Every structure is written in C-alpha cells, then in structure tokens.
1. Give the residues of region 17-28 that are in a loop (DSSP other than H, G, I, E, B) and crowded, with 16+ Cβ neighbours inside 10 Å, sorted by residue number.
2. Restricted to region 34-62, and to residues that are open to solvent by less than 10 Å² (accessible area, probe 1.4 Å) and more than 11 Å from the ligand (Cβ to nearest atom), which residue is nearest to residue 11 (Cα to Cα)?
3. Going through region 155-169 one residue at a time, which ones are among the hydroxyl-bearing types (Ser, Thr, Tyr), open to solvent by less than 80 Å² (accessible area, probe 1.4 Å) and farther than 11 Å from residue 58 by Cβ?
4. Could you give me the residue pairs with C-beta distances under 7 Å whose first residue belongs to region 53-67 and is within 22 Å of residue 24 (Cβ to Cβ), whose second residue is open to solvent by 60 Å² or more (accessible area, probe 1.4 Å) and more than 7 Å from the ligand (Cβ to nearest atom) wherever it lies, and which are 6+ apart or on separate chains?
5. Among the numbered criteria (1) of a type in the set (A, V, I, L, M); (2) touching a residue at least 40 places away in the same chain (Cβ under 8 Å); (3) open to solvent by 30 Å² or more (accessible area, probe 1.4 Å); (4) over 30 Å from residue 6 (Cβ atoms), which single criterion is violated by residue 128?
6. Can you give me the number of residues within region 122-160 that are under 18 Å from residue 106 (Cα atoms), in contact with a Phe, Trp or Tyr (Cβ under 8 Å, 6 or more places away or on another chain) and not in a helix (DSSP H, G or I)?
7. Report the residue count in region 63-73 for those that are open to solvent by less than 30 Å² (accessible area, probe 1.4 Å) and in a loop (DSSP other than H, G, I, E, B).
8. Report yes if residue 31 is crowded, with 19+ Cβ neighbours inside 10 Å, under 23 Å from residue 174 (Cα atoms) and in contact (Cβ under 8 Å) with a residue 60 or more places away in the chain, otherwise no.
Amino acid sequence: PMTWNELENSCLGCKKCALHETRTNVVFGTGNANARLMFIGEAPGEKEDLSGIPFVGRAGQLLDKFLYAVDIDREDVYIANILKCRPPMNRDPLPEEEDACIGYLRSQVALVKPKIIVCLGRIAAKKLIDPDFRITRQHGQWFRRGDFWMMATFHPSALLRDVSKRPEAFDDLMSLRAKMKELGL
Ligand code: URA
C-alpha cells in the first residue's frame, strides 16, 4: 500500500493519458484524509486546472452552498474527481482516460476509508455505482458497495444550468444527513 505522499507524487507526474499534454495542473484532491464522507466529481474545469484544487469554480461555489445548507463543512470531507486532469473544452471523459486515471481514485478511497461516498453527477455514478446508472431516476438512492454506502446526486454544474433540479438535490443531501445520523457520523 502506498503512502499519501507516494500516491500524490506519482499522480502529479502522471503521463498515462494525453491529458497531461494540455493540463496546467493535476487536480489530485483535497480535504480531510480521515473523512467519513467523500464527494467524487467528474473532472477538473478551467478554474480547477488553473488552481490545482477541485470544485473551486462556479460549480464548486454552488456545492459549498448546498453543503452549508445541510450543515456539512467542506473541511470535514474529502473531495476528488474521476479524472485528475481537465479535458479540453470540458468535454466528457473518454473511457481510456477514465481507465488510465481510476487507480488514483481507488487508492485515495483505500487511504481515506470513508463510510459514505457521494457521486456528483452521471459520470461518477456510472463509473463507481453502476455502468447503467440513470441519474434522473436513481439520484438519492442508496447502494451498498463493499465497505461503503454510496449515492449519487446531480452534478452542481447541472444545478447551475437547470435551477428546477435544485429541490431534488437538496432532498438528496437531506437523505445524506439522515444516513450520517443512522451511521453515527
Ligand atoms: N466539476 C467537477 O466535476 N469537478 C471539479 O473539480 C470541478 C467541476
């Protein structure tokens, strides 16, 4: 098993896929290494590529507001993405990019050992919960996978584009709070 430093250093130097040619920074992940709760997004956007920190752009600011609304502190959670490098023009990740990158996330999960993993959006839900995941129908549902409870909610970027989805996303986060209480977190 790798240490955090070994993992982060190998990720920061990664050239396993073509995205290393266009990235400004690798966006490894951030937050509490002992978090009981982990959020996993899709891939860095422009602001994340420029800063090296996940969810700092407009979507991240909306995520922070949703977390605040249900009394979850960003400092208490760990946040990472399926892809550590930004796809040009924020296009969807390619299957070969996901396959090249997913080992870093699996190692992060193995080191954090969270009790709950929340997927932000369809891309993360398909990769981590079920390849046939339907976000419109299955958001807010709980899945037991190995040692973790998992659930997916709408990606904050989707909530920026479509305000009508926000009440359902809020319900998902209330369900997250209930699950945390049930698990004594
Ligand atoms: N969208 C994501 O999926 N991840 C980020 O880090 C930022 C925007």
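The values are calculated or read from the model by the stated rules, or taken from the named source; none is laboratory data. The model shown is predicted, which means the values in this text are computed figures rather than measured ones. Because the Cβ atoms are built from the backbone with ideal geometry, glycine has one as well, and the counts that use them run over all protein chains shown. To get the accessible areas, we keep the full protein, side chains included, count just its heavy atoms, and leave off ligands, DNA and RNA. Shrake-Rupley method; radii C 1.70, N 1.55, O 1.52, S 1.80 Å.
1. Residues of region 17-28 that are in a loop (DSSP other than H, G, I, E, B), as a first pass: 17, 22-28.
Within region 17-28, 17, 23, 25, 26, 27, 28 meet the criteria.
2. Here the residue is 38.
3. Pass one, region 155-169, residues among the hydroxyl-bearing types (Ser, Thr, Tyr): 157, 164.
Add one more test, that the residue is open to solvent by less than 80 Å² (accessible area, probe 1.4 Å), and what stays is 157.
Listed by number, the list is empty, since nothing qualifies.
4. Within 7 Å, the pairs are 56/47; 57/46; 57/47.
5. Looking at each condition in turn, residue 128 falls short on (4).
6. 7
7. Looking only at that region, the number is 2.
8. On the way: crowded, with 19+ Cβ neighbours inside 10 Å: yes; under 23 Å from residue 174 (Cα atoms): yes; in contact (Cβ under 8 Å) with a residue 60 or more places away in the chain: no.
No: the conditions fail for residue 31.
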